[in-house]
1. Which one of 54, 61 is surrounded by 10 or more Cβ atoms within 10 Å (Cβ to Cβ) and more than 14 Å from the chain's Cα centre (by Cα)?
2. State all residues of the stretch 21-51 that are in a helix (DSSP H, G or I) and under 13 Å from the mean Cα position of the chain (by Cα); if no residue qualifies, say none.
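A short reminder: the numbers here are calculations on the coordinates, not readings from a lab. For clarity, every value in this text was computed on a predicted model and none was experimentally measured. All Cβ positions, glycine included, derive from the backbone under ideal geometry; neighbour counts span all protein chains shown.
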């Protein structure tokens, strides 16, 4: 995912890729776009979501590592 910091029309793109983008509008809300679905979140809601997704990502990685160790 590319990271850009361009402003346009009161909106700042925080991260952008082909299927994912995060931008902050002039009202301070964060917009998480996944394909054709956009979630609009307050900064504190976005922070909680990012934390939960990070936790899930770590657990999936640990699970995969344990499986890899079990097969060797």
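1. Details: 54 fails: more than 14 Å from the chain's Cα centre (by Cα).
Selected residue: 61, the only one of 54, 61 that is surrounded by 10 or more Cβ atoms within 10 Å (Cβ to Cβ) and more than 14 Å from the chain's Cα centre (by Cα).
2. Filtering the stretch 21-51 for residues in a helix (DSSP H, G or I) gives 43-51.
Residues satisfying the conditions are 43, 45, 46, 47, 48, 49, 50, 51.
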